[in-house]
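To keep things clear, I will list the structure first and then write my remarks on it.
Any read-out appearing in this document is the output of simple, stated calculations on the displayed coordinates, not a laboratory observation. Quantities reported herein were computed from a predicted structural model and do not represent experimental measurements. Using ideal geometry, Cβ is built from the backbone for each residue, glycine included, and neighbour counts are taken over all protein chains shown.
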Amino acid sequence: MISFGAARGEHSLRWYPLDTTAIIFPPALSARFTTVFRISARLKEPVDLPVLERVTAELYRRAPYFCVRLRQGFFWYYLEECPPSGVLRDDGFPCMDLPRRGGARPLLVIRARGNRVALEVSHVLTDGRGALLFLRTLLEMYAALGRGDSPGEVADILRPGEPESWETRYASRLFYRPGQPLPPSYAPAWHVPGPLLGQGRYHVTTGRYPLEPLRERARAMGVSMTDLFLALFIYALQLCYRQEPQPRRHRRPLRILVPVDMRPGTGLQTMRNFFVYAMVELDQRLGIYQLDEIARNVHHQLRAQLDPRSLRKQVARNVAARRNWFNRSIPVFLKDLILRGVYRFQGEAVNTASFSNLGEVSLSREGGDRVLDLDFIAPPSAVTGPNMTLVSFRGTVSVSFGSLRRDPRVEKIFFQTLASLGIQGDLVTNWSAPAEEIRR
């Protein structure tokens, strides 16, 4: 039998401050901006719910800093431990469960239905890399408990025992250097027009493709797979942009926000948020770009911005704002007004969409043999329209779009363009229209 520690006695209500990336999110929370993203695993067999319930309870005890709710203090929001929620039924639309301040449910929950296990978590708590490590640990424990054994040998999962110091580390503060210049500010970007879905609805389309043909196509173009998918996304947005009548004052650039995980470049590990952004831009006033031109453009823009010295600018801005004595002295209700305005005009307004790649995920042979594939879905946004995510597992790439727009034209153009390159895959969607209609 595996165990990650004895059950707690009386609830201790330990609390944790928000990391420097997360402080912008609570004031901006709304029914259409939940900050919740999702990573899910499709298993080869139906979920054994009693086993999953037991594993989830064990893992909540092992990582109590994830079994927390959002609370509002006088000067800052903070995280407070709360009772675990158990495994929730995976019904309704993904990522639409708004984290409520002081609510009884943790900011990280596990859902299950049929043969799918899904982790949903607010960006207030962690980023994609932290959430993925939690889910990988859960899948390894689930497979091990089904065998009556211990988790298989695989790197980078949570080990039995008490939480280690790095898990709750606020890594941005360690990477911060005083006196660094601030990052540039951006003008508003173009956004996909069109009416929104009804409140509480979130449309998701996922394509699953073999990895090797995509790698070969990227190599032939002299770029990485991230560059290729980002170029395909921008190409689809460009065609949508060209379909719209654009008054001169609205000829804004296409700009994609790309989260960058800071762990590999710094050697620092944490289960908290530890990422910054790169911005990839295409100015349509310069004319129409072909796919290969966009791919080369994306490649060079990303490489220029991924220099650690450039990334340090964003860390400097976030940490300095948190340390500023004047900011610290402002009551939270005034901070809400200020940060809500900052996020409105310097957050989603300055990017057309977001693109996030979790990379290739590994599990042990025993844990991975139970999993068919993984999916990754971005938080909803009423401003940016469709956002794109990518994750790879055992030779299969899952590319997902999450959108609050009624019209899936960006998704249609993207998958049609991919098919025109000779890349064939399977599409699934929760749109009322079948996946084949999106493919055509």
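Can you match Rg/Rh (Cα atoms, Kirkwood Rh) to one of these, [x] 0.97; [y] 0.95; [z] 1.06, based on a calculation from the structure here?
[y]
How much net charge surrounds P178 when only other residues with a Cβ under 12 Å from its Cβ are counted (Lys, Arg +1; Asp, Glu -1)?
Numbers: positive: R173, R177, R312, R323; negative: none.
So the surrounding residues net to +4.
If you put +1 on each Lys and Arg Cβ and -1 on each Asp and Glu Cβ, how big is the dipole of segment 334-440 around its Cα centre, in Debye rounded to 20?
On the way: 12 positive and 12 negative charges, 79 e Å.
Computed charge dipole of segment 334-440: roughly 380 debye.
Counting only residues 5 or more places away or on other chains, whose amide H sits under 5 Å from the amide H of S381 once H atoms are built in the peptide plane?
L404
With no solvent and one point on each alpha carbon, what is the Debye value of log10 I(q)/I(0) for segment 331-440 at q = 0.15, 0.16, 0.17, 0.20 Å⁻¹?
Per q value, in the given order, log10 I(q)/I(0) is -0.79, -0.86, -0.92, -1.11.
List the trypsin sites (Lys or Arg not before Pro) in segment 217-299 that DSSP assigns to loop (not H, G, I, E or B) and whose Cβ has at most 16 other Cβ atoms within 10 Å. Which are they? Display every interim value, and only then the final one.
On the way: sites: R217, R219, R242, R248, R249, R251, R255, R272, R285, R296; in loops: R251, R272.
Hits after loop and neighbour filter: R251.
Stick to Cα atoms and the Kirkwood definition of Rh, then tell me Rg/Rh for segment 95-172.
On the way: Rg = 14.3 Å, Rh = 14.5 Å.
Answer for segment 95-172: 0.99.
Can you tell me which of P183, P210, P264 moves the most in a GNM of the chain? Springs connect C-alpha atoms under 10 Å apart.
Residue with maximal mean-square fluctuation among P183, P210, P264: P264.
Convex hull over the Cα atoms of segment 257-397, averaged projected area in nm²? Show your work: numbers first, answer last.
Numbers: hull surface 49.1 nm².
So the Cα hull casts an average projection of 12.3 nm².
State to the nearest 20 debye the size of the charge dipole of the chain about its Cα centre, where the only charges are +1 on K and R beta carbons and -1 on D and E beta carbons. List each step's numbers first, then the result.
On the way: 60 positive and 42 negative charges, 318 e Å.
That gives the chain a dipole magnitude of about 1520 debye.
Using only helices, what value at 222 nm comes out for the chain when you add -39,500 (n - 2.57) per DSSP H run of length 4 or more and divide by the total residues, to the nearest 500 deg cm²/dmol? Walk me through the numbers on the way to the answer.
On the way: 14 runs with 149 residues, N = 440.
Helix-only estimate at 222 nm: -10000 deg cm²/dmol.
Picking from R263, R42, R62, which is most flexible by a Gaussian network model of the chain using Cα springs under 10 Å?
R263
With θ set to phi - 60° and the Karplus curve 6.51 cos²θ - 1.76 cosθ + 1.60, what are the ³J(HN,Hα) couplings of segment 71-78 in order, to the nearest whole Hz, using x for Gly and Pro?
10, 10, x, 6, 9, 9, 6, 8
From the phi angles alone, apply the Karplus equation (6.51, -1.76, 1.60; θ = phi - 60°) to segment 188-196 and give each ³J(HN,Hα) in whole Hz, x where the residue is Gly or Pro.
x, 9, 6, 10, 5, x, x, x, 8
For a quick check: with amide H placed at 1.01 Å from N, whose amide H comes under 5 Å from Y277's, ignoring anything fewer than 5 positions away on the same chain?
V260
What residue among P181, L43, Y289 has its Cα farthest toward the positive end of the dipole of the chain, where the charges are +1 on Lys, Arg and -1 on Asp, Glu, each on the Cβ?
P181
Cut-off 10 angstrom, C-alpha nodes, Gaussian network model of the chain. Which of N324, N387, N115 fluctuates the most?
N324
Against the globular-protein guess of 2.2 N^0.38 Å, express the Cα radius of gyration of segment 38-95 as a ratio, rounded to two decimals. Spell out each step's value before the answer.
Values: Rg = 14.7 Å, N = 58, 2.2 N^0.38 = 10.3 Å.
So the Cα radius of gyration is 1.43 times the expected 2.2 N^0.38 Å.
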